[in-house]
Amino acid sequence: MSTAILALNAGSSSLKVALCCGQTGATLLTAKITGIGRAPRFSAKGKDGAPLPPGPLTTLATDTTHEDTLGLLMGWIDTQLGHRTLAAVGHRVVHGGAHHTKPTLITPPVLAELRALIPLAPLHQPHNLAAIDTLAKHHPDLPQVACFDTSFHRSQPRLQQIFALPRALTERGILRYGFHGLSYDYIASALPAHLGARADGRVIVAHLGNGASLCAMKNRQSVATTMGFTALDGLVMGRRCGTLDPGVLLYLMQHDGMDAAQIETLLYRQSGLLGVSDLSNNMRDLQAANTPEAQEAIGLFATRAASQIASLLPAIGGLDALVFTAGIGENSAPIRALICDQLHWLGVTLDAQANAANSPRIHAADSPIDVLVLPTDEESVIIAATRALTAAKLD
Ligand code: ADP
């Protein structure tokens, strides 16, 4: 019997899937629905990269719920399975807490544990878990696997994982968890092909998308990262503020009477590129806009990225390679140049032409530090983990 495995990345306004052969892991198709709740848009590609017809997904309405959208997507996937049976689904789950150091089969106790983590990732975790619930309702016998964005960082030394807070809070799990781990895991696996022996050296990966973070690696393991207890810390993001003096929050509570819900909205939805530019959370829009506010948002994004790259250097003892990935990292030559210019003192030197072309290697011939642009592939990490955990069901 031929089988297939589905990787599902359920976000706040998007669903991304990859369908792969259960036996070999080869990709059969990728598909995504973006703009759920606003202006839903479906697109899909077959294994040859050619677009696939949307079938009933052409008629997605603005008011179609997440659950119905996933139902329609699963119906469309059924039509693409051909002679194959869907054998398992692997999910991206943003928060796995302190104990999930690797992917796990989802059981009712695991699900209860993951629900308890919703307050730590209020923007992402509810959507990840809702997708698991929907699939369990419609396909109760289908094995489901959770792959966590936090797991990759559990290799970090304790001093990178704790806050300077009273011990009792640390023991309650108020720790620096770190995120984007599936992306970093993929990049770590891709490094040897590009860096040879240097792949096991001192590498910083900059995952710059709507969410953005840095990971400092040695031996392709996470040593330090910029996101902390939640996905708010660290770099400036599309709508999130990144590192912020906690005194600002006290001030807003004490002087403006803001409550927790208002502060959550401020930090997760109204800040970052959107807040500074007063225009958009989208880097492409900001680059096209010529307002001083948009320029300031871009400047702050790059300056914070450069200074936080530098702040990670002691953890790995220097730098052999800097890798850019995700939407901005893979596509925006001007942003990469702005960041790298501020790291020139360290030796980072770009080849302007290679950078403009988004080439995999964008450093100048005499740069002591390699600078790479590598596309990330979180779904392939999910597929590999799901195949490994459900191997008995795949033949
Ligand atoms: P998500 O975190 O939602 O997966 P992505 O990794 O897709 O996000 O990154 C989205 C960001 O990448 C947006 O800010 C978008 O404007 C930016 N981006 C994509 N392509 C370009 C480009 N050519 N130039 C500048 N920014 C880009």
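The values are calculated or read from the model by the stated rules, or taken from the named source; none is laboratory data. Note that the coordinates shown come from a computational prediction; the quantities given were computed from them, not determined experimentally. Glycine also receives a Cβ, built like all others from the backbone with ideal geometry; neighbour counts cover every protein chain displayed.
Taking the criterion of being in a loop (DSSP other than H, G, I, E, B) and either within 16 Å of the ligand (Cβ to nearest atom) or farther than 20 Å from Leu273 by Cβ (or both), the residues of region 331-351 that qualify are Ser332, Leu343, Gly347, Val348, Thr349, Asp351. Candidates in region 208-221 are the residues that are touching a strand residue (DSSP E or B) at 6+ places or on another chain (Cβ under 9 Å) and surrounded by fewer than 23 Cβ atoms within 10 Å (Cβ to Cβ); of these, the one that is farthest from Glu171 (Cα to Cα) is Gly209. Mind listing just one residue for me: the one in region 100-151 that is without any contact (Cβ under 8 Å) to a residue 24 or more places away in the chain, of a type outside the set (Gly, Ala, Ser) and in a loop (DSSP other than H, G, I, E, B) and, of those, farthest from Leu267 (Cα to Cα)? Checked region 100-151; the qualifying residue farthest from Leu267 (Cα to Cα) is Asp141.
Here Ser332, Ser380 are screened, and the one residue that is at pLDDT 95 or above and polar (S, T, N, Q) is Ser332.
Identify, from the list Glu293, Glu264, the residue that is at pLDDT below 95 and assigned to a helix (DSSP H, G or I). Working first, answer last.
Numbers: Glu293 fails: at pLDDT below 95.
Answer to the check: Glu264.
Would you confirm, using the coordinates I've provided, whether Leu73 is in contact (Cβ under 8 Å) with a residue 12 or more places away in the chain and over 16 Å from Gly11 (Cα atoms)? It is false that Leu73 is in contact (Cβ under 8 Å) with a residue 12 or more places away in the chain and over 16 Å from Gly11 (Cα atoms). Inside region 266-294, residues that are within 16 Å of the ligand (Cβ to nearest atom), closer than 17 Å to Met237 by Cα and surrounded by 15 or more Cβ atoms within 10 Å (Cβ to Cβ) make up a count of 17.
Taking the residues in region 104-157 that are among the β-branched types (Val, Ile, Thr) and over 19 Å from Arg240 (Cα atoms) as candidates, determine which candidate is surrounded by the most Cβ atoms within 10 Å (Cβ to Cβ).
We begin by selecting, within region 104-157, every residue among the β-branched types (Val, Ile, Thr); these are 104, 106-107, 110, 118, 132, 134, 145, 150.
Next cut, over 19 Å from Arg240 (Cα atoms) only: 104, 106-107, 110, 132, 134, 145.
Details: Thr104: 20, Ile106: 21, Thr107: 10, Val110: 17, Ile132: 21, Thr134: 19, Val145: 24.
Ranking the candidates gives Val145 first.
Here Gly299 fulfils each of the conditions (1) more than 13 Å from the ligand (Cβ to nearest atom); (2) touching a residue at least 40 places away in the same chain (Cβ under 8 Å); (3) closer than 30 Å to Arg202 by Cβ apart from (2).
Has region 34-43 got at least one residue that is surrounded by fewer than 20 Cβ atoms within 10 Å (Cβ to Cβ), more than 19 Å from Asp377 (Cα to Cα) and touching a strand residue (DSSP E or B) at 6+ places or on another chain (Cβ under 9 Å)? Yes, because at least one residue in region 34-43 is surrounded by fewer than 20 Cβ atoms within 10 Å (Cβ to Cβ), more than 19 Å from Asp377 (Cα to Cα) and touching a strand residue (DSSP E or B) at 6+ places or on another chain (Cβ under 9 Å).
State yes or no: is Val205 at pLDDT 95 or above, within 20 Å of Phe148 (Cα to Cα), of a type in the set (A, V, I, L, M) and within 14 Å of the ligand (Cβ to nearest atom)?
Details: at pLDDT 95 or above: yes; within 20 Å of Phe148 (Cα to Cα): yes; of a type in the set (A, V, I, L, M): yes; within 14 Å of the ligand (Cβ to nearest atom): yes.
Judged against the criteria, Val205 is a match.
Matching residues to (1) of a type in the set (Phe, Trp, Tyr); (2) in a helix (DSSP H, G or I); (3) over 24 Å from Ala131 (Cα atoms):
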| site | (1), (2), (3) |
| --- | --- |
| Gly173 | no, no, yes |
| Pro192 | no, yes, yes |
| Arg198 | no, yes, yes |
| Ala206 | no, no, yes |
| Cys215 | no, no, yes |
| Ala224 | no, no, yes |
| Leu232 | no, no, no |
| Met237 | no, no, yes |
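Count of region 19-47 residues, restricted to those that are of a type in the set (A, V, I, L, M, F, W, C) and within 14 Å of the ligand (Cβ to nearest atom), is 2.
Among the residues of region 359-376, not a single one is within 16 Å of the ligand (Cβ to nearest atom) and assigned to a helix (DSSP H, G or I).
Being surrounded by 15 or more Cβ atoms within 10 Å (Cβ to Cβ) and within 16 Å of the ligand (Cβ to nearest atom) narrows it down to one of Ile316, Ile328, Ile263, Ile309, so name that one. Spell out the reasoning first.
Working: Ile316 fails: within 16 Å of the ligand (Cβ to nearest atom); Ile263 fails: within 16 Å of the ligand (Cβ to nearest atom); Ile309 fails: within 16 Å of the ligand (Cβ to nearest atom).
Testing whether each residue is surrounded by 15 or more Cβ atoms within 10 Å (Cβ to Cβ) and within 16 Å of the ligand (Cβ to nearest atom) leaves just Ile328.
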